[in-house]
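Structure, as structure tokens:
The values are calculated or read from the model by the stated rules, or taken from the named source; none is laboratory data. Because the structure is predicted, anything quoted here is derived from the model rather than measured. Reconstructed Cβ throughout: ideal geometry from the backbone, glycine too, with neighbour counts over all protein chains shown. Quick note on the areas: whole protein, heavy atoms, side chains included, nothing else; ligands and nucleic acids left out. Shrake-Rupley method; radii C 1.70, N 1.55, O 1.52, S 1.80 Å.
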Number of protein chains: 2
Amino acid sequence: MNYVRQTTLEAVAGLSTQELDFLPIENGNCIGALLLHIAAVEKGFQIEFFDGRSPNEEEELKWGAAYSLGQKGREEIKGAPLDFYLKELEEVRARTLEEFQSRDDNWLKDTCIWDGHEANQHFIWFHVLEDEINHRGQIRMIRKMLP
Amino acid sequence: MNYVRQTTLEAVAGLSTQELDFLPIENGNCIGALLLHIAAVEKGFQIEFFDGRSPNEEEELKWGAAYSLGQKGREEIKGAPLDFYLKELEEVRARTLEEFQSRDDNWLKDTCIWDGHEANQHFIWFHVLEDEINHRGQIRMIRKMLP
């Protein structure tokens, strides 16, 4: 998890606000939106599996655009410097690591229902990583497309 | 591993040769090249860690362009139908699964040196998956860019 985060941070190191806002394709996502999306997905899983509830109104307002991306993401996520995104990523991750530390390895085998399928906590947090890696691949590609 | 492969296959389902050859950016990679790269990376790790040797001349010739991508990949990897790429992916994966079946879970903790760092087999095969997920993210994005 730390290794994947390290590669994400390397992929965005030194980007300006303008570069973070750059849209590679008309119906695509800027790097800033993908970074906030990575944090939003992790936040969503925290709420669902650590807190055992749905996001409240405040959380929907703060994370909705980043979670769903698309038109809403393009409208709402722009103009922020890299530090803003890094701080959000770090804050969300800090809670995940805290919660991990308070559990033992057996918890990873706890079954749950996710997206209509039976899963376990190991798969849930693998999926958080998988989403980050998927978007890191896109970030690397968008970075090559910067004007 | 099967889950990730399933998502890769879904990301490319139904693509034509022309679509597999489409270059999203001048110095980028087409989807076909990324698919062959996914197989080439796995093949490379098989040779290094299952066979304990470096790739031979024949292997270099067959997999070199897909492994390194870039200019060589753009020149050499094109014109093939989806089935060609799927067959290569499947053949390489079949050996990985066979080798896994002949080992027990303790083998995953075996340490090794990779890219100058100490690693273990668990990390090695996580990295194979990580590379596939990274490029699947790019494939999804290139698919949205198809003319």
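Selection within region A:1-29: residues that are of a type outside the set (A, V, I, L, M), in a helix (DSSP H, G or I) and more than 14 Å from residue A:142 (Cβ to Cβ). The member of this set that is farthest from the other protein chains (Cβ to nearest Cβ) is A:17.
When A:105, A:131, A:115, A:83 are screened for being of a type in the set (Asp, Glu), within 13 Å of chain B (Cβ to nearest Cβ) and open to solvent by 80 Å² or more (accessible area, probe 1.4 Å), only A:115 passes.
Residue selection: residue B:32 satisfies the criterion of being under 25 Å from residue A:142 (Cβ atoms), outside any loop (DSSP other than H, G, I, E, B) and open to solvent by less than 10 Å² (accessible area, probe 1.4 Å). Residues that are touching a residue at least 60 places away in the same chain (Cβ under 8 Å) and away from chain A (no Cβ under 12 Å) do occur in region B:49-70, at least one of them.
Residue B:93 passes every criterion in (1) charged (D, E, K, R); (2) loosely packed, with under 14 Cβ neighbours inside 10 Å; (3) under 19 Å from residue B:39 (Cα atoms) apart from (2). Pairs linking a residue in region B:136-147 that is more than 17 Å from residue A:129 (Cα to Cα) and open to solvent by 10 Å² or more (accessible area, probe 1.4 Å) to a residue that is at pLDDT below 95 and outside any helix (DSSP H, G or I), with Cβ atoms under 6 Å and 6 or more positions apart or on different chains, are B:145/A:25; B:145/B:24.
Taking region A:55-79 as the search range and keeping residues that are of a type in the set (A, V, I, L, M, F, W, C) and within 21 Å of residue B:144 (Cα to Cα), which one is surrounded by the most Cβ atoms within 10 Å (Cβ to Cβ)? Only one residue fits best here, namely A:66.
Residue-by-condition table, conditions (1) part of a loop (DSSP other than H, G, I, E, B); (2) under 23 Å from residue A:141 (Cα atoms); (3) within 16 Å of the chain's Cα centre (by Cα); (4) polar (S, T, N, Q):
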site	(1), (2), (3), (4)
B:37	no, yes, yes, no
B:40	no, yes, yes, no
B:46	no, no, yes, yes
B:64	no, yes, yes, no
B:71	no, yes, no, yes
B:75	no, yes, no, no
B:90	no, no, yes, no
B:96	no, no, yes, yes
B:118	no, no, no, no
